[in-house]
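What follows is calculated from the coordinates using simple rules that are stated; it is not laboratory data. Since this is a predicted model, take the numbers as computed values, not measurements. When we count neighbours, we look across all protein chains shown, and the Cβ atoms used for this are built from the backbone with ideal geometry, even at glycine.
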Amino acid sequence: MKPADRHNRIVKLVQQHHEISVEVLATQLAVSRETIRRDLSALDGQGRLRKVHGGARPG
């Protein structure tokens, strides 16, 4: 999965669950927790979501 596609999927999952953990995202998307953390940092910087300790919330 391309990073842009993964980012879109992460944003959609965050919106559906209102708060989601790094662990759940990593499992759902079959990538490492480190990849999810980098993705969340990038998405937070773009204002697409809010990165919180251990996961993310809608921005």
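A few notes on this one:
- With the simple model of a label 7 Å out from the Cα in the direction of the Cβ, Arg50 to Ala4 spans 2.8 nm.
- Candidates Ala26, Leu49, Gln16 compared by Cα position along the dipole of the chain: farthest toward the positive end lies Leu49, with charges placed on Cβ.
- The chain - mean residue ellipticity at 222 nm from DSSP helices (-39,500 (n - 2.57) per run, n ≥ 4, rounded to 500): -19000 deg cm²/dmol
- Listed values (i) 196; (ii) 97; (iii) 63, entry calculated as volume of the Cα convex hull per residue in Å³: (iii)
- Counted by Cβ distance under 9 Å from Val31, the other residues give a net charge of 0, where Lys and Arg count +1 and Asp and Glu count -1.
- Long-range HN-HN contacts of Ile20 with modeled amide H, under 5 Å: Ala56
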